[in-house]
Amino acid sequence: MDIVGTILDIPVQDPPDEDFSSADLTWTKFGTPEHHDDVALIPYSRVDAFIIGECSNVECPTRFHIERGRKRLKGSLKEYKNDEYLEYKMYWCSFGPENYGEGGGILPSRRYRLNTRNRAARPQSMRGCTCHFVVKRLYARPSLALLIYNDRRHVNKAGFVCHGPLDRDAIGPGAKNIPYICSEIQQQTMSMIYLGIPEENVLEKHIEGIQRYCGSDAKVNSLASQYVHKLGMIIRRSTHELDLDDQASIRMWVERNKKSIFFYQDNSETDAFILGIQTEWQLQQMIRFGHRSLIAADSTFGIKRLKYPLCTLLVFDARQHALPVAWVITRSFSKPDVSKWMKALLDRARSVEPGWKVSGFLIDDAAAEIDPIRDIFSCPVLFSLWRIRRTWLRNVVKKCPNTEVQREVFKRLGQIIYSIWDGSETLAALEELVLDFADQTVFMEYFKAFWVPKIEMWLSTMKALPLASQEASSAIEAYHAKLKTKLFDDSHLNALWRVDWLVHKLTTELHSSYWLDRYADESDSFKNVREEYINSTSWHRALQIPDSAITFDEKDHLYAKVQSQKDSSVTHLVWNPGSEFAFCDCPWSMQANLCKHVIKVNMICENRQGCQSSMSMQSFREILLNIWRMPLDDSLALDQSMAWTYQMLDQIQKLVELNSTNDIGTVVKRLPIQWLSKKTRTSVCVPSTTLGLPSSSRDSTRIAVALKKNRKRKRLSRLR
Ligand SMILES: [Zn+2]
Ligand SMILES: [Zn+2]
């Protein structure tokens, strides 16, 4: 076949079917006689159709994951070749590239592999498949994608078919005849076993899954039953203790699970122990749901009961539920240590998705270091009230015996926080609380010892940062509650002090449970799991309460009543309606949770006259007003916010333009914008006496600043 030297001679192919595969394309040899690739040119919009087609290969059904990715900015190259990329993604068959099968380089005992490896989106059995291709979105023609596909066969390095029906030992000893177990069925089976679902139900689902590929067959069924049984035994017998010594055990785990670790620093004289865990499935979820969205931290979990506290990073999934996408186990909250793991996490995401960016980071601890977040994620930091609310409520319920007192104390605690925005004196509110409830000695002693010394720090953090909504709080709290029930059930009380146990618990049970939740929701199977998952936050449960079930105390606005949907003779009393510090007498609320009754009542209060607006609303309004109140001219902060706004607007416009154009050249030609006027602007922003600067450099600084400001103004006038 001829070798084509320029990409311009390669025709664009657009197969008519909904999905298509490599077999439907004509491949051209492109390059030089010494080095050339098999390539095909397709519309960029059809890349997904190609990948779907390639996955449903009859002989080797599989999935492809992104093994490597790169991106460059539009307009960043002055000179470029015709085949230069704007986006570069290497897709690899998920049965590779590593080989954990027979003869593979890494051969951990099967027991540990099944026990600890949880590569949800990828098969447990990586078998060294070499099949992979590259998709290049062309720099010069972004509407086209160049496919480079040299290794089209699903074979291992030795050249043998390594998965699918033609693979002779698809899933290990004794199971040669089961044609194919796709990654999802295997993960599903493991997840169900981890979650303690009875074996016959696991088997039923397992066989259902296999039959989608190979029809019904008695032999296959009996082998599948053996397989599920064996897997169950292996999982049941598996232990977190890889070594009697916890530290040695963790080192072994780290050695065996390199792909699920994004940062590891062993304990030493100079360094603190830090273990950052993120499975590949979690990485994918973080990229998917975290991009241009929020990340939240549930920090310092188990600070008293665990050897090292656990910090979980959460994203909000398609239903706005909190999904754990990384776990960090450490006692060190120092700036350098936090920076280290945050940077590693971001680098990991960017190595797969170069443009990946977070738009906000929610913290729940006023003592948390904010600088690393701003430096590394370069995004605004928000504050979530859920942790302080929960801690206060728990102690009020525990330490004040009388319900009426509990309601009132909790309400007054809320008023201390509301004082940030309503203009009342925080200190006065605090003093009054201490005086009025002096007889509640147990609570007051606790409050004075733990909270009075640091209340100012907490309040000033809340004042400085925008507050997250109740919906976000309820999602984070739901994760926290689930974590607590999974970790602190009585059977493991003596294991709490071992890190290997914590790691094991997180990567098996908890990971499986979230994997199954998402899978059930997306594949519309496992109806019970799905329903339970949807209702797992108080916010969603609150949405099911009809407005008619709520009645208000119209006279004094002191409480609201919520009629139970299950039993109409039961009503719950929500004290202090409309506030985040509303107090409900239901059992869930008495365990310090944000219950559905409080959320529902507050939802209604948002639209009622005479009710105060939520704290997040007040905080947001305050921040906006502060910006608005800034003097119009010569204000650095105002200039900065203007610059941000216009930068954002600029980006949106460029996106719209690029999306609607077929010729990137015309867009590029218009960039960067030419600035004509260089008239300087008088401004006190540039200090007239810049101490320590020689006059010449002072002048050039002034000019540079003036030019920048001028550009902004210019852009502003262009946009109007
Ligand atoms: Zn393959
Ligand atoms: Zn309640």
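The values are calculated or read from the model by the stated rules, or taken from the named source; none is laboratory data. The shown structure was predicted, so the numbers you read here are calculated from the model rather than taken from an experiment. With ideal geometry, Cβ positions are generated from the backbone for all residues, glycine too; neighbour counts draw on all protein chains shown. Heads up: the accessible areas ignore ligands, DNA and RNA and are worked out on the full protein's heavy atoms, side chains in. Shrake-Rupley method; radii C 1.70, N 1.55, O 1.52, S 1.80 Å.
A few remarks follow.
- Segment 591-602 residues that are under 18 Å from VAL397 (Cβ atoms), paired with ones that are within 9 Å of ligand 2 (Cβ to nearest atom) and open to solvent by 10 Å² or more (accessible area, probe 1.4 Å) (beta carbon under 6 Å, 6 or more apart): CYS595/TRP588; HIS597/HIS572
- Sole exception among (1) within 32 Å of the chain's Cα centre (by Cα); (2) open to solvent by 40 Å² or more (accessible area, probe 1.4 Å) for TRP458, by number: (2)
- Subset of segment 545-584 (residues that are near ligand 2 (Cβ under 8 Å from one of its atoms) and either at pLDDT below 95 or open to solvent by less than 10 Å² (accessible area, probe 1.4 Å) (or both)): VAL562, VAL574, CYS584
- Residue tally, condition open to solvent by 30 Å² or more (accessible area, probe 1.4 Å) and in contact with a strand residue (DSSP E or B) (Cβ under 9 Å, 6 or more places away or on another chain), over segment 370-396: 5
- Tabulated pairs, segment 248-266, first among the β-branched types (Val, Ile, Thr), second open to solvent by 30 Å² or more (accessible area, probe 1.4 Å), C-beta under 9 angstrom, 6+ apart or interchain: ILE250/ASP243; ILE250/ASP266; ILE250/ARG498; VAL254/TYR264; VAL254/ASP266
- So LEU459, is it of a type in the set (A, V, I, L, M) and without any contact (Cβ under 8 Å) to a residue 40 or more places away in the chain: no
- Of all residues in segment 342-355, none satisfies being buried (at least 23 other Cβ atoms within 10 Å of the Cβ) and in a loop (DSSP other than H, G, I, E, B).
- Screening GLU477 on (1) surrounded by 21 or more Cβ atoms within 10 Å (Cβ to Cβ); (2) more than 20 Å from ALA368 (Cβ to Cβ) shows it passes everything except condition (2).
- Of all the criteria given as (1) free of Cβ contacts under 8 Å to residues at least 24 places away in the same chain; (2) hydrophobic (A, V, I, L, M, F, W, C); (3) touching a helix residue (DSSP H, G or I) at 6+ places or on another chain (Cβ under 6 Å), the one not satisfied by LEU558 is (3).
- Residue pairs whose Cβ atoms lie under 6 Å apart, separated by 6 or more positions or on different chains, with the first residue in segment 87-105 and farther than 10 Å from HIS132 by Cβ and the second surrounded by 19 or more Cβ atoms within 10 Å (Cβ to Cβ) and at pLDDT 90 or above, are TYR88/LYS136; LYS89/VAL135.
- Consider segment 40-51 and keep the residues that are over 26 Å from the mean Cα position of the chain (by Cα) and open to solvent by less than 50 Å² (accessible area, probe 1.4 Å). The one that is nearest to ligand 1 (Cβ to nearest atom) is PHE50.
- For segment 397-411, a residue qualifies if it is open to solvent by less than 40 Å² (accessible area, probe 1.4 Å) and within 19 Å of SER579 (Cα to Cα), and the qualifying residues are VAL397, VAL405, GLN406, ARG407, VAL409, PHE410, LYS411.
- Whichever residue in segment 585-608 is open to solvent by 40 Å² or more (accessible area, probe 1.4 Å) and not in a helix (DSSP H, G or I) and, among such residues, is nearest to ligand 1 (Cβ to nearest atom): GLN591
- Members of segment 31-71 that are among the hydrophobic types (A, V, I, L, M, F, W, C) and closer than 24 Å to ASN662 by Cα: VAL39, ALA40, LEU41, ILE42, VAL47, ALA49, PHE50, ILE51
- Here segment 356-369 is the region considered, the condition is being hydrophobic (A, V, I, L, M, F, W, C) and closer than 24 Å to GLY69 by Cα, and the residue that is surrounded by the most Cβ atoms within 10 Å (Cβ to Cβ) is VAL358.
- Taken over segment 284-320, the criterion of being free of Cβ contacts under 8 Å to residues at least 60 places away in the same chain, more than 11 Å from the chain's Cα centre (by Cα) and open to solvent by less than 30 Å² (accessible area, probe 1.4 Å) is satisfied by PRO309, CYS311.
Conditions (1) within 18 Å of ILE476 (Cβ to Cβ); (2) hydroxyl-bearing (Ser, Thr, Tyr), marked per residue:
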{"site": "ALA318", "(1), (2)": "yes, no"}
{"site": "ASP337", "(1), (2)": "no, no"}
{"site": "ASP347", "(1), (2)": "no, no"}
{"site": "SER378", "(1), (2)": "no, yes"}
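- Only listed residue being more than 30 Å from LEU655 (Cα to Cα), modelled with pLDDT of 85 or more and open to solvent by 40 Å² or more (accessible area, probe 1.4 Å), chosen from ARG168, ARG153, ARG137, ARG141: ARG153
- The set of residues in segment 256-268 being hydrophobic (A, V, I, L, M, F, W, C) and either surrounded by fewer than 16 Cβ atoms within 10 Å (Cβ to Cβ) or in contact with a Lys or Arg (Cβ under 7 Å, 6 or more places away or on another chain) (or both) consists of PHE262, PHE263.
- Subset of segment 545-554 [in contact with a strand residue (DSSP E or B) (Cβ under 6 Å, 6 or more places away or on another chain), in a loop (DSSP other than H, G, I, E, B) and closer than 14 Å to VAL598 by Cβ]: none
- All positions within segment 482-513 that are open to solvent by 20 Å² or more (accessible area, probe 1.4 Å) and either under 22 Å from ARG236 (Cβ atoms) or of a type in the set (Val, Ile, Thr) (or both): THR485, LYS486, PHE488, ASP489, ASP490, SER491, HIS492, LEU493, ASN494, ARG498, HIS504, GLU509
- Top-ranked residue of segment 52-78 - restricted to ones that are more than 16 Å from ligand 1 (Cβ to nearest atom) and open to solvent by less than 50 Å² (accessible area, probe 1.4 Å), ranked as modelled with the highest pLDDT: GLY69
- Comparison of ASP271, ASP243 shows that the only residue that is open to solvent by 10 Å² or more (accessible area, probe 1.4 Å), over 20 Å from THR189 (Cα atoms), assigned to a loop (DSSP other than H, G, I, E, B) and at pLDDT 85 or above is ASP271.
- Taking every residue in segment 41-68 that is under 17 Å from PRO15 (Cβ atoms) and among the β-branched types (Val, Ile, Thr) and pairing it with any residue that is surrounded by fewer than 15 Cβ atoms within 10 Å (Cβ to Cβ) and modelled with pLDDT of 85 or more, at least 6 positions away or on another chain, the pairs with Cβ-Cβ distances below 7 Å are ILE42/VAL12; ILE42/ASP14.
- Sole residue being buried (at least 18 other Cβ atoms within 10 Å of the Cβ), more than 30 Å from GLU531 (Cα to Cα) and modelled with pLDDT under 95, chosen from TRP253, TRP281: TRP253
- Selected residue (only one of LYS398, LYS411 is without any contact (Cβ under 8 Å) to a residue 12 or more places away in the chain, assigned to a helix (DSSP H, G or I) and within 25 Å of VAL442 (Cβ to Cβ)): LYS398
- Condition check for ALA542: hydrophobic (A, V, I, L, M, F, W, C), within 16 Å of ligand 2 (Cβ to nearest atom), part of a helix (DSSP H, G or I) and in contact (Cβ under 8 Å) with a residue 60 or more places away in the chain: yes
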